[in-house]
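After the structure tokens below, expect a handful of questions from me.
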Amino acid sequence: MDISVIIPLYNEEESLPELHAWIQRVMNENGFSYEVIFVNDGSTDRSWQVIEKLAEESDRVKGIKFRRNYGKSPALFCGFEKAQGDVVITMDADLQDSPDEIPELYRMITRDGYDLVSGYKKKRYDPLSKTLPTKLFNATARAVSGIKNLHDFNCGLKAYRRDVVKNIEVYGEMHRYIPYLAKNAGFGKIGEKVVQHQARKYGTTKFGLNRFVNGYLDLISLWFLSKFGVKPMHIFGFLGSLMFVFGFIAVVYIGLHKLYAMYSGQPYILVTDSPYFYLALTTMILGTQLFLAGFLGEMIARNAPERNNYQIEKEL
Ligand code: UDP
Ligand code: MG
């Protein structure tokens with residue numbers, strides 16, 4: 001099978017028939033063999049009935065129905081597991097992404113050798129309250145992930161080589177950083193294609209402004225995990241040792257300073273009356289704590305089931 005189209009959706013009943021007809025038209029015009037996987041993320045409207053009806057009419061339509069609303073990432077994860085096509089395309093259900101982009105995305109994966117191609121909504125039809133923070137968000141994501149050529153990490157329209165989706169695990173709200181996940185898994189050829197974008201035709205957006213707060217926290221988690229996930233001691237142990245040594249030297253200095261003063265007959269105070277003593281003490285305690293955190297992290301990493309999970313591309 002050439003293409004799997006995965007469509008996560010939450011309360012999008014009005015869009016689905018139109019979207020499906022459009023995808024069908026594009027696929028038939030280009031002679032692709034394909035499947036469309038609708039992942040109904042606990043919709044409370046009639047979305048599932050609409051999907052059932054589409055599946056009756058065409059055996060290329062497949063569906064997954066969640067018992068409740070889990071979020072876009074879990075929906076994508078389950079779609080990825082089910083997908084069988086050589087190229088996997090994800091697309092929002094709200095008709096903001098255009099199925100007309102599919103043939104070119106397919107070509108970029110199969111001919112140009114990209115592992116992942118992300119859409120870039122260069123001209124957006126979204127409110128300013130969303131486009132402006134999005135620019136900032138993408139600049140940060142570029143800097144942190146090191147994927148310098150992407151302008152639109154969170155674009156719903158993306159194409160993947162099948163290997164990519166079978167080897168990454170999207171969870172929580174990590175759908176915003178799939179290119180970063182792919183890069184960490186060793187799929188480095190990541191491209192971008194400028195795509196058409198439409199204003200939402202039906203229904204309302206499912207994400208509020210808290211997407212940016214959560215997005216930043218997720219980015220920090222991912223960065224940290226990819227840097228120190230399997231070797232927490234390298235950061236915590238280093239910082240902890242540094243602080244401890246620093247505090248220790250300070251304490252020794254304070255002690256020697258007093259002894260020197262005592263024996264040379266100069267005026268002196270109790271060590272505990274010196275503010276530096278408390279600074280040094282705190283530094284030593286924090287250093288020990290950090291070191292301990294690193295050690296505990298190391299014990300956990302040792303037991304993580306994926307500690308030896310490598311991407312082996314070829315073997316002879
Ligand atoms: N979506 C989903 N589960 C959710 C929230 C959203 O499957 O909990 C789907 C939604 O139906 C749509 C896509 O994710 O197909 C993108 O959502 P939306 O259009 O609301 O996001 P925006 O375009 O505002 O970024
Ligand atoms: Mg949308």
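Mind listing the Cα extents of region 140-218 along all three principal axes, in Å, largest one first?
Projected onto the principal axes, the Cα atoms of region 140-218 cover 37, 28, 24 Å.
Once label points are set 7 Å from the Cα along Cα→Cβ at both LEU256 and TYR125, what is their separation, rounded to one decimal in nm?
Placing both labels 7 Å beyond Cα along the Cβ direction yields 7.4 nm.
Report the Cα-based extents of region 208-249 along its three principal axes, largest first, to the nearest Å.
If we take the Cα atoms of region 208-249, the spans are 51, 22, 7 Å.
Turning to a different aspect of this structure: Work out, step by step, the length gained on full extension between ASN69 and ASN214: first 0.36 nm times the residue separation, then minus their alpha carbon distance; give nm to one decimal.
Details: separation 145, 0.36 × 145 = 52.20 nm, distance 1.79 nm.
Full extension of this stretch gives 50.4 nm more.
Another one. Note the full-extension length gain between ASP273 and GLU298 as 0.36 nm times their separation in residues minus their Cα-Cα distance, in nm to one decimal.
Working: separation 25, 0.36 × 25 = 9.00 nm, distance 3.86 nm.
Fully extending the segment from ASP273 to GLU298 adds 5.1 nm.
Take ASP45, project a point 7 Å from its Cα along the Cβ direction, then tell me which residues of region 189-205 have their backbone nitrogen under 14 Å from it.
200-205
Eight or more residues apart or on different chains, and alpha-carbon atoms under 16 Å: count the Lys pairs in region 148-265 matching that.
Qualifying lysine pairs in region 148-265: 9.
Test of understanding: extend the Cα→C-beta vector of GLU29 to 7 Å, then name every residue of region 82-117 with backbone N under 13 Å from that spot.
Hits in region 82-117 for GLU29 at 13 Å: 98-104.
In addition: Could you rank TYR278, TYR177, TYR263, TYR120 by how accessible they are, 1.4 Å probe, largest area first?
Details: TYR278 115, TYR177 0, TYR263 185, TYR120 45 Å².
Listed by decreasing accessible area, they come as TYR263, TYR278, TYR120, TYR177.
Can you tally the net charge around SER43? Count Lys and Arg as +1, Asp and Glu as -1, for every other residue whose Cβ sits under 11 Å from the Cβ of SER43. Intermediate values should be presented prior to the final figure.
On the way: positive: ARG46, LYS65, ARG68, LYS206; negative: GLU12, GLU13, ASP41, ASP45.
Net local charge, SER43 excluded: 0.
So how far apart, in nm, are the two label points at GLN266 and ALA21 if each is 7 Å from Cα heading toward Cβ?
Taking the simple label geometry, GLN266 and ALA21 are separated by 9.2 nm.
If the label point is 7 Å along Cα→Cβ of ALA143, which residues in region 217-249 have backbone nitrogen under 20 Å from it?
Counting backbone N atoms under 20 Å from the label point, the list is 217-228.
Quick check: net charge around PHE295, other residues with Cβ under 15 Å of its Cβ, Lys/Arg +1 and Asp/Glu -1? Kindly include the intermediate steps, with their values, before the conclusion.
Working: positive: LYS231, ARG302; negative: GLU298.
Combined, the nearby Lys, Arg, Asp and Glu give +1.
Have a look at GLY119, GLY42, GLY247 and tell me which one the Gaussian network model of the chain (Cα, springs below 10 Å) gives the largest fluctuation.
GLY247
Provide, in order from the shortest bin, the percent of all Cα-Cα pairs of region 218-285 in each 5 Å bin, continuing until the bin that contains the maximum pair distance.
Result, from short to long distances: 3, 16, 17, 14, 11, 10, 8, 7, 6, 4, 3, 1 percent.
Apply the Karplus parameterisation 6.51 cos²θ - 1.76 cosθ + 1.60, with θ equal to phi minus 60°, to every residue of region 250-260 and state each ³J(HN,Hα) to the nearest whole Hz, in sequence, with x for glycine and proline.
Here the 3J(HN,Hα) series is 5, 5, 4, 4, 4, x, 5, 4, 5, 4, 4 Hz.
Per residue and in cubic angstrom, what volume does the convex hull of the Cα atoms of the chain have? Write out the running numbers ahead of the final one.
On the way: hull volume 60.8 nm³, N = 316.
Value for the chain: 192 Å³ per residue.
With N denoting the number of residues in region 1-155, provide Rg(C-alpha) divided by 2.2 N^0.38 Å, to two decimal places. Don't skip to the end; give the middle numbers.
Values: Rg = 16.0 Å, N = 155, 2.2 N^0.38 = 15.0 Å.
Against the empirical 2.2 N^0.38 Å value, I get 1.07 for region 1-155.
Ok, one more. For ILE6, which sequence-distant residues (separation of 5 or more, or a different chain) have an amide H within less than 5 Å of its own amide H, given hydrogens modelled in the peptide plane?
Those qualifying (amide H under 5 Å, at least 5 residues apart or on another chain) are ILE37, ILE89, THR90, MET91.
Report the label-to-label distance for LEU225 and LEU136 in nanometres (one decimal), using points 7 Å from each Cα along the Cα→Cβ vector.
2.5 nm
Can you list the HN-Hα couplings for region 208-219, worked out from phi with the Karplus curve (6.51, -1.76, 1.60; θ = phi - 60°), rounded to whole Hz and with x for Gly and Pro?
x, 6, 5, 4, 6, 4, 4, x, 5, 4, 4, 5
Please list 91-100, 5-14, 212-221, 76-85 highest first by mean number of surrounding beta-carbon atoms within 10 Å per residue.
On the way: 91-100: 21.9, 5-14: 24.0, 212-221: 15.3, 76-85: 19.4.
Listed from highest to lowest mean packing, they are 5-14, 91-100, 76-85, 212-221.
For LYS121, which sequence-distant residues (separation of 5 or more, or a different chain) have an amide H within less than 5 Å of its own amide H, given hydrogens modelled in the peptide plane?
So LYS121 has HN proximity to VAL195.
Another question, then. Full extension from PHE246 to ARG307: what is 0.36 nm times the residue separation minus their Cα-Cα distance, to one decimal in nm?
Working it through step by step, the gained length comes to 18.6 nm.
Please list 250-262, 180-192 highest first by mean number of surrounding beta-carbon atoms within 10 Å per residue. Please report the intermediate quantities before stating the final value.
Numbers: 250-262: 13.5, 180-192: 19.0.
Result, highest mean Cβ count within 10 Å first: 180-192, 250-262.
The values are calculated or read from the model by the stated rules, or taken from the named source; none is laboratory data. Here the structure is a predicted model, which is why all the values come from computation and not from measurement. Here the Cβ is made from the backbone with ideal geometry for all residues, glycine too, and neighbour counts use every protein chain on show. Side chains are part of the model used for accessible areas, which takes the heavy atoms of the whole protein and leaves out ligands, DNA and RNA. Shrake-Rupley method; radii C 1.70, N 1.55, O 1.52, S 1.80 Å.
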